[in-house]
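Some notes on the structure that comes next.
The values are calculated or read from the model by the stated rules, or taken from the named source; none is laboratory data. All values derive from a computational prediction rather than experimental measurement. Note: ideal-geometry Cβ built from the backbone for every residue, glycine included; neighbour counts use all protein chains shown.
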Amino acid sequence: MTSNQHGWGAPSPWVLRWAHLLSPNADVLDVASGAGRHSLYLSAQGHRVTALDKDAAALATLQGRDEQDASARESISVVCADIENGDWPLPDRQFDAIVMTHYLWRPIWPQLQRSLRPQGVLISETFARGQETIGRPSRPAFLLSPGESLDLAAGLRVVAYEDGFEPPSAAHPDGRFIQRIVAMHPDAGPPALGRMSI
């Protein structure tokens with residue numbers, strides 16, 4: 001287990017910023033959870049989390065990280081599945097929220113929408129075109145085109161959207177090209193006020 005393992009480290013500031021939209025005691029799906037940075041955070045906020053990843057070692061790390069916290073053990077379940085090469089492993093489940101960061105597999109977006117309950121919220125953040133000029137990932141399959149997450153979320157109510165270059169920081173010394181979106185089930189009521197940038 002290393003700190004370089006996918007899903008390690010602090011939760012994304014984007015997830016922290018919009019987590020207030022989740023209903024209390026929400027059922028949350030953490031897609032491509034890795035070692036569980038968001039699963040652990042959301043569990044600590046009182047939510048029930050399903051951590052989904054194909055990396056069994058990362059999921060084992062997640063389970064090891066919460067061993068000292070009985071409440072986390074009871075509120076986080078793990079599902080090991082390769083969603084790019086197999087069937088969707090949760091066909092009958094719907095969630096109050098879905099969180100997905102640093103992961104892009106375009107074919108699952110319709111399934112993500114079907115997996116949202118009324119009032120549900122989707123929080124997504126991943127790399128965008130331009131990233132290939134400064135580092136990894138660099139393959140187009142892993143990079144969103146300008147405005148693409150808006151297309152992928154078509155049918156949902158967009159609450160917030162950002163697309164562009166994030167300047168260098170301690171966490172990302174070279175900066176990064178990133179695209180973020182928060183969208184709600186079309187049957188959702190009015191969202192809590194927040195900043196929207198396009």
Failed criterion for A56 (all others in (1) touching a strand residue (DSSP E or B) at 6+ places or on another chain (Cβ under 8 Å); (2) under 26 Å from W18 (Cβ atoms); (3) surrounded by fewer than 19 Cβ atoms within 10 Å (Cβ to Cβ) hold): (2)
Y161 fails exactly one of the following numbered conditions: (1) part of a loop (DSSP other than H, G, I, E, B); (2) surrounded by 11 or more Cβ atoms within 10 Å (Cβ to Cβ). What is the number of that condition? (1)
P89: surrounded by fewer than 19 Cβ atoms within 10 Å (Cβ to Cβ) and in a helix (DSSP H, G or I), yes or no? no
Options E67, E84, E125; residue that is of a type in the set (D, E), assigned to a loop (DSSP other than H, G, I, E, B), over 14 Å from L29 (Cα atoms) and at pLDDT 95 or above: E84
What do you reckon, is G164 at positive phi, out of contact with any Asp or Glu (no Cβ under 9 Å at 6 or more places or on another chain) and in contact (Cβ under 8 Å) with a residue 24 or more places away in the chain? yes
Looking only at segment 147-154, decide whether some residue is of a type in the set (S, T, Y) and surrounded by fewer than 17 Cβ atoms within 10 Å (Cβ to Cβ). no
Taking Q119, is it over 16 Å from the mean Cα position of the chain (by Cα) and part of a strand (DSSP E or B)? yes
For segment 26-50, enumerate the residues that are over 12 Å from A97 (Cβ atoms) and either out of contact with any helix residue (DSSP H, G or I) (no Cβ under 7 Å at 6 or more places or on another chain) or not hydroxyl-bearing (S, T, Y) (or both). A32, G34, A35, G36, R37, L40, Y41, A44, G46
List the pairs whose first member sits in segment 1-30 and is under 16 Å from L122 (Cβ atoms) and at pLDDT 95 or above, whose second member is buried (at least 19 other Cβ atoms within 10 Å of the Cβ) and small (G, A, S), and whose Cβ atoms are under 6 Å apart, counting only residues at least 6 apart or on separate chains? L22/A97; A26/A97; V28/A97; D30/S39; D30/A51
It is to be established whether one or more residues within segment 121-132 are over 28 Å from P167 (Cβ atoms) and in contact (Cβ under 8 Å) with a residue 60 or more places away in the chain. no
Return yes when L40 is more than 29 Å from G86 (Cα to Cα), over 12 Å from the mean Cα position of the chain (by Cα) and crowded, with 16+ Cβ neighbours inside 10 Å and no when it is not. no
